[in-house]
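A quick write-up on the structure given underneath.
The values are calculated or read from the model by the stated rules, or taken from the named source; none is laboratory data. In this text the structure is predicted, and so the values were computed from the model without any measurement. No Cβ is skipped: glycine too gets one built from the backbone with ideal geometry, and neighbour counts run over all protein chains shown. Surface accessibility is based on the protein's heavy atoms, side chains included, excluding ligands, DNA and RNA. Shrake-Rupley method; radii C 1.70, N 1.55, O 1.52, S 1.80 Å.
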Amino acid sequence: MISKADSLHAISVFAQLPSATLEDIARVAVPRAYETGQTIIFEGDPCTAAYFVARGHARVARVSAGGREQVLARLGPGQSFNTVPLFQEDGVNRATVRAVDEVRLYAIAKKDLIALLRTNPKLGLALLRDFADRLDHLTDLVEDLSLRTVRGRLARFLLEQAETGAVSPRLTQAEIAARLGTVREMIGRTLGDLADDNLIRMDRDRIVLLDRQGLEHEVHG
Amino acid sequence: MNDWVLPQIDLDRCDRCGLCVHHCPTQAVEMGGRGPFIARSLDCTYCTDCEAMCPQVAIICPFEIVWVEREVSR
Ligand code: SF4
Ligand code: SF4
């Protein structure tokens with residue numbers, strides 16, 4: 001029979017922790033089982049616990065402003081959820097989590113986890129490390145998203161500008177940035193990216209459009 | 001041939017902070033008696049770094065946006 005501390009060891013946030021700390025966590029971790037399709041937590045409910053998946057898979061979803069359900073992530077063994085709102089005053093569950101197969105997990109109540117943190121700096125560090133990874137991931141994601149939309153907006157802008165009559169406008173990158181609601185560095189970088197992809201060519205003081213189809217694809221892509 | 005276009009400097013806006021001189025990667029810009037000027041025009045790669053650095057928007061590198069076929073016919 002594997003002990004509770006052993007199976008907690010398989011949770012990635014806890015993986016580096018000494019066994020004494022795992023024993024402390026095991027004392028407050030409540031094992032729970034969910035059937036396929038069962039809801040584990042509801043978006044918007046007060047956050048009362050953090051969850052650590054031992055077996056099975058869960059789906060994390062949010063309801064968008066338009067009422068559509070958006071799946072944000074799929075969680076598997078070793079992963080955790082609901083740790084972030086746990087540390088917020090009056091934190092609420094940020095998403096609905098549902099079991100996609102038979103799920104076994106450990107729930108740790110908010111007050112228990114916070115009490116543990118007071119006496120276990122190693123657990124605090126482990127959670128911080130996990131938060132740091134998440135933050136990194138989100139930063140990349142945000143950059144990627146805004147880059148992508150700037151790319152599309154810039155492609156549209158270039159196409160429009162190149163069409164306007166006989167006199168080509170002369171614009172600085174700062175002016176283009178202002179027109180597109182972004183910053184100059186973003187324009188410089190995105191122009192470089194478009195040039196790398198052979199959609200345009202930077203020819204000293206000229207932005208030469210090379211590929212109409214490709215640029216239109218960026219606008220609608 | 002297209003003219004060898006250079007960054008445009010507006011000395012009325014310029015407060016002679018020297019950032020453009022300092023940051024030009026090819027040392028094309030120099031500080032003269034009246035303000036900065038492109039001293040070695042052939043060295044200027046039109047990289048736009050001087051424009052990016054200038055706090056007064058006194059030095060600018062504008063771009064023309066053209067279709068490749070129109071460019072050929074010019
Ligand atoms: S565009 Fe670049 S190379 Fe030319 S003067 Fe400015 S910083 Fe120097
Ligand atoms: S950075 Fe701008 S304000 Fe400063 S010296 Fe150059 S042109 Fe003038």
Among B:Ile60, B:Ile65, which is more than 15 Å from ligand 1 (Cβ to nearest atom) and touching a helix residue (DSSP H, G or I) at 6+ places or on another chain (Cβ under 7 Å)?
B:Ile65
Identify, by number, the condition in (1) within 11 Å of ligand 1 (Cβ to nearest atom); (2) within 12 Å of chain A (Cβ to nearest Cβ); (3) of a type in the set (A, V, I, L, M); (4) in contact with a Leu (Cβ under 8 Å, 6 or more places away or on another chain) that B:Val5 doesn't meet.
(4)
Quick check on my filter: what residues within segment A:129-145 are open to solvent by 100 Å² or more (accessible area, probe 1.4 Å) and farther than 27 Å from A:Asp193 by Cβ?
A:Arg129
So for segment B:47-55 (the condition being more than 13 Å from ligand 1 (Cβ to nearest atom), within 22 Å of A:Leu171 (Cα to Cα), within 9 Å of another protein chain (Cβ to nearest Cβ) and at pLDDT below 95), does at least one residue qualify?
no
Which numbered condition trips up B:Met31, out of (1) near ligand 1 (Cβ under 10 Å from one of its atoms); (2) in contact with a Gly (Cβ under 8 Å, 6 or more places away or on another chain)?
(1)
Within segment A:1-109, considering only strands (runs of 3 or more DSSP E) that don't extend past its boundaries, which have at least 1 residues that are open to solvent by 50 Å² or more (accessible area, probe 1.4 Å)?
A:30-34, A:49-55, A:58-63, A:69-75, A:96-99, A:103-109
Can you say whether A:Leu158 is closer than 14 Å to B:Ile65 by Cβ, within 11 Å of chain B (Cβ to nearest Cβ) and open to solvent by less than 30 Å² (accessible area, probe 1.4 Å), as far as the supplied structure shows?
yes
